[in-house]
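Q: Below: one structure in structure tokens.
The values are calculated or read from the model by the stated rules, or taken from the named source; none is laboratory data. Predicted model only: the values in this text are computed from it and were never measured. Virtual Cβ from ideal backbone geometry, glycine too; neighbours counted across all protein chains shown. What goes into the accessible areas is simple: the full protein's heavy atoms, side chains included, and nothing from ligands, DNA or RNA. Shrake-Rupley method; radii C 1.70, N 1.55, O 1.52, S 1.80 Å.
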Amino acid sequence: MTSPAETRARIRPVAGRAFEDILDGYFPLEESVRQMMERHRFSTVWITLLHAPIMNLRDLAPTDPVPLTLPKIYSGMIDFMALLGSKQGNRIELEGLGDWFWIDPRDRAPTFPATIRLGEPAFVRGIGLHELGDDPDALTSPREVAVVRPKTSSALAEEMASATAELGWTSSRAFGFGRRVEGICDIADADLSRTLLGQDFTAPTESSDGSGATAPLDEPAYLLVNTSPDQLTPEALKLARRL
């Protein structure tokens, strides 16, 4: 007989928070994200950016300054991008999904190189993690963020709602990628079922029937953000709901 511990989601509260910031322009994307993470002392971030100009300067070294003028043919635009950045020593690894285009169609590729430079500063919203929480009482203490790994064959909505209740929250939002992707992939070429962007969950009540849509996942790992009105400051709650 399967025990409850074997069927429920794995939950790990972490030291983290929702945030807003500006990515510096003119640097390679991976360097801009690394600098932002250093400013906040984050070890991992999940961020989204919209309508960010980009430039593809093939012969420019990562440390070279950008030219004062940029021929239009080298430019493009990120319409949408969701990125997961993790610190690896003195550098970071970026993976995610995005929708972007280039003026020169020959630059089109199924993956977006992390060395591509932003054409100007870009506004981002996201979730930043400082370090994993090792407090044995973590599940009984309100936290702003937790990492949830649901079981592959169970109902995702039910597990997320149960995780919300186990964390002592009344409501939450989930963000992340259902399956690990390699690099920054074109969202048009990706399986969108592996992506979860801003889905709301509410802790179940005693009368809940426990039903939920199934979601087969290979390596599920989601960030669950506390949106409980009775636990967060108005500013933190507003930001969490904007993500």
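Q: Among the numbered criteria (1) at pLDDT below 90; (2) assigned to a strand (DSSP E or B), which single criterion is violated by G76?
A: Every listed condition holds for G76 apart from (1).
Q: So how many residues does the stretch 199-243 have that are modelled with pLDDT under 65 and either open to solvent by 20 Å² or more (accessible area, probe 1.4 Å) or over 22 Å from I184 (Cα atoms) (or both)? Give the steps one after another, and end with the answer.
A: Filtering the stretch 199-243 for residues modelled with pLDDT under 65 gives 205-220.
From what's left, either open to solvent by 20 Å² or more (accessible area, probe 1.4 Å) or over 22 Å from I184 (Cα atoms) (or both): 205-216, 218-219.
Residues meeting the conditions: 14.
Q: Restricting attention to the stretch 107-143, report how many residues are modelled with pLDDT under 80 and open to solvent by 70 Å² or more (accessible area, probe 1.4 Å).
A: First, pick out the residues of the stretch 107-143 that are modelled with pLDDT under 80: 107, 131-143.
Pick out the ones that are also open to solvent by 70 Å² or more (accessible area, probe 1.4 Å) and you get 131-132, 134, 136-137, 140, 142.
So the answer is 7.
Q: Quick check: is even one residue across the stretch 144-151 open to solvent by 70 Å² or more (accessible area, probe 1.4 Å), at pLDDT 85 or above, in contact with a Leu (Cβ under 8 Å, 6 or more places away or on another chain) and not basic (K, R)? Walk me through it before giving the result.
A: We begin by selecting, within the stretch 144-151, every residue open to solvent by 70 Å² or more (accessible area, probe 1.4 Å); these are 144, 149.
Imposing the further condition that a residue be at pLDDT 85 or above reduces the set to 144.
Still in the running and in contact with a Leu (Cβ under 8 Å, 6 or more places away or on another chain): 144.
Among the residues that remain, those that are also not basic (K, R) are: 144.
Yes.
Q: So which pairs qualify, if the first residue must be in the stretch 17-39 and more than 22 Å from R241 (Cα to Cα) and open to solvent by 40 Å² or more (accessible area, probe 1.4 Å), the second must be small (G, A, S) and modelled with pLDDT under 95, the Cβ gap must be under 7 Å, and the two must be at least 6 apart or on different chains?
A: D24/S32; E30/A114
Q: When you check A188 against the structure, is it open to solvent by 30 Å² or more (accessible area, probe 1.4 Å), farther than 24 Å from F19 by Cβ and either at pLDDT 75 or above or touching a helix residue (DSSP H, G or I) at 6+ places or on another chain (Cβ under 9 Å) (or both), yes or no?
A: Details: open to solvent by 30 Å² or more (accessible area, probe 1.4 Å): yes; farther than 24 Å from F19 by Cβ: yes; either at pLDDT 75 or above or touching a helix residue (DSSP H, G or I) at 6+ places or on another chain (Cβ under 9 Å) (or both): yes.
So A188 fits the description; yes.
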